[in-house]
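Reading through the structure tokens given below for one structure.
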Amino acid sequence: GAARADMSGLMIRTRLPLADEGRDAEALDDGVSGAPPRSKSLGAARGASVASMTTMATTTASQASSFAGSGGDDGPGEEEHGGDDPPPSCALAEYARPRSARPGRAVSGCLWCTNIRDEAFAWSVIMPLARLKDGARCCYMSEGFGGAPALELVPKNAQDGRVVLYLHGGAHLMLSARTHREFVGRLAGHLRARVVVLDYRKAPAHPFPAALNDTLAAFRAIRKRYPQWKVAVAGDSAGGNLAFALLTRLAQLGEEQPAACCCFSPWLLLDPNLARLTSEAEKPVPCAGRLWDVCARRAVRMYVQGHSVKDPLVSPTLTPLELVARWPPLLIHAAERERLRLDALEMRALCKVAGARRAEVTLFPSSFHVFQALPTRLSSRSMAGVATFLEEVWHERCAESA
């Protein structure tokens with residue numbers, strides 16, 4: 001009983017405190033002719049995105065050294081990683097690395113200090129409980145995949161030939177692979193696959209596209225380490241944003257896509273103006289809606305730091321149709337009364353219009369953002385659904401290769 005209480009408390013603490021949206025659970029029609037409520041505005045934004053592809057291509061070319069340098073097999077290239085190092089002005093600078101973090105005094109206004117508390121809590125509470133619960137073998141690598149730190153989880157029932165790159169959530173600002181250790185350990189057991197949880201760099205110290213660079217580098221490194229294995233990508237919340245941004249970036253570069261993409265409540269539209277366009281049927285609790293908007297706007301500002309939020313690498317819902325058509329099979333799970341369910345439904349509608357191979361969305365009777373983080377029956381149902389989806393995709397890939 002005490003362990004269960006501790007587990008509930010730790011998972012609530014380590015995720016971004018997003019309140020219950022409390023909205024009506026009426027289903028939105030996601031068909032081509034009856035798209036979700038923001039579809040018309042999104043279509044106009046997507047059109048503007050397509051019209052500016054030439055400018056974006058020029059910008060991308062000017063950043064080629066950044067993408068190529070950090071995306072290659074040799075790690076981040078000349079760009080200093082530094083994702084785990086505290087800023088010089090930080091009052092907790094004596095903590096050289098989050099691995100050695102210990103509970104310390106709170107310093108207001110320092111995001112790195114927040115990460116220190118997350119890391120200390122992860123090592124002192126989450127990691128021991130995770131070992132007791134799932135029994136997965138856990139290996140921490142400081143620069144194991146593309147130069148970025150990562151946790152590699154191998155459950156007892158893992159099958160060779162399967163590996164998943166997992167991108168944790170945290171609004172692009174906080175949390176880590178270690179805070180998600182128990183969550184992803186349970187998921188790995190359901191999937192019967194090796195899972196690599198990436199500790200990508202975070203804003204505000206490392207704004208866009210640093211996290212995407214780390215993700216691309218890790219994906220390439222996994223392909224190099226397991227050349228014959230089927231690689232899937234997954235993530236939650238902001239990690240889901242990075243997962244879809246990875247698909248878009250690979251499509252832009254003409255590189256091979258992962259076998260599948262599975263996300264929990266992905267944050268797919270970071271444009272705050274478009275994100276506020278909801279239907280009259282959507283009636284969020286006023287206080288919760290304001291809290292979400294304030295937190296989201298601040299997180300977006302710190303993540304993009306002047307970069308356009310209409311860039312499809314920032315807001316994957318605005319990806320041009322010709323790139324979406326190249327994406328692999330997709331699966332999204334979300335709560336039916338959380339705000340990001342709109343992002344999930346709009347992404348499914350976009351995939352249908354683009355003629356993507358497969359795009360599925362399942363809404364669960366909950367109002368919690370990333371409810372899978374809690375070890376509940378509903379969470380097990382969701383993870384079992386992801387496992388079934390990936391089994392089908394992996395078997396299809398095996399049939400195609402045969």
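Considering each residue of the range 358-371 in turn, at least one proves to be of a type in the set (V, I, T), in contact with a Lys or Arg (Cβ under 7 Å, 6 or more places away or on another chain) and under 24 Å from A177 (Cα atoms). Considering L270, L313, L277, the condition of being assigned to a loop (DSSP other than H, G, I, E, B), at pLDDT below 95, open to solvent by less than 60 Å² (accessible area, probe 1.4 Å) and not aromatic (F, W, Y) is satisfied by L270 alone.
Sort out which residues of the range 316-353 are part of a helix (DSSP H, G or I), open to solvent by 20 Å² or more (accessible area, probe 1.4 Å) and either on the phi > 0 side of the Ramachandran plot or not charged (D, E, K, R) (or both), and write them in order of number.
Across the range 316-353, the qualifying residues are L321, V353.
For the range 176-198, give me each residue that is assigned to a loop (DSSP other than H, G, I, E, B) and open to solvent by 10 Å² or more (accessible area, probe 1.4 Å). Explain how you work it out, then say what you get.
First, pick out the residues of the range 176-198 that are assigned to a loop (DSSP other than H, G, I, E, B): 176-180, 192-193.
Those that are assigned to a loop (DSSP other than H, G, I, E, B) and open to solvent by 10 Å² or more (accessible area, probe 1.4 Å): H180, R192.
A Cβ distance below 8 Å, combined with a sequence gap of six or more or placement on separate chains, defines the contacts here; from the range 317-344, residues that are closer than 17 Å to A245 by Cβ and β-branched (V, I, T) reach residues that are part of a loop (DSSP other than H, G, I, E, B) and open to solvent by 10 Å² or more (accessible area, probe 1.4 Å) in the pairs V324/A356.
Selection of first residues in the range 202-213 that are open to solvent by 10 Å² or more (accessible area, probe 1.4 Å) and modelled with pLDDT of 95 or more and of second residues that are assigned to a loop (DSSP other than H, G, I, E, B) and β-branched (V, I, T), restricted to Cβ pairs under 9 Å at least 6 apart or on distinct chains, gives the following pairs, ordered by first then second residue: F208/V314; P209/V314. Of the residues making up the range 219-234, those that are closer than 15 Å to L198 by Cα and either in contact with a Cys (Cβ under 8 Å, 6 or more places away or on another chain) or open to solvent by less than 50 Å² (accessible area, probe 1.4 Å) (or both) are F219, A221, I222, V231, A232, V233, A234. Just one of the numbered conditions (1) assigned to a helix (DSSP H, G or I); (2) modelled with pLDDT of 90 or more; (3) not polar (S, T, N, Q) is not true of R290: (2).
Taken residue by residue, the range 106-116 has at least one member that is farther than 30 Å from V393 by Cβ, at pLDDT below 90 and hydroxyl-bearing (S, T, Y).
The values are calculated or read from the model by the stated rules, or taken from the named source; none is laboratory data. Because the structure is predicted, anything quoted here is derived from the model rather than measured. No Cβ is skipped: glycine too gets one built from the backbone with ideal geometry, and neighbour counts run over all protein chains shown. Remember, those area values only see protein heavy atoms, side chains included, never the ligands or the DNA or RNA. Shrake-Rupley method; radii C 1.70, N 1.55, O 1.52, S 1.80 Å.
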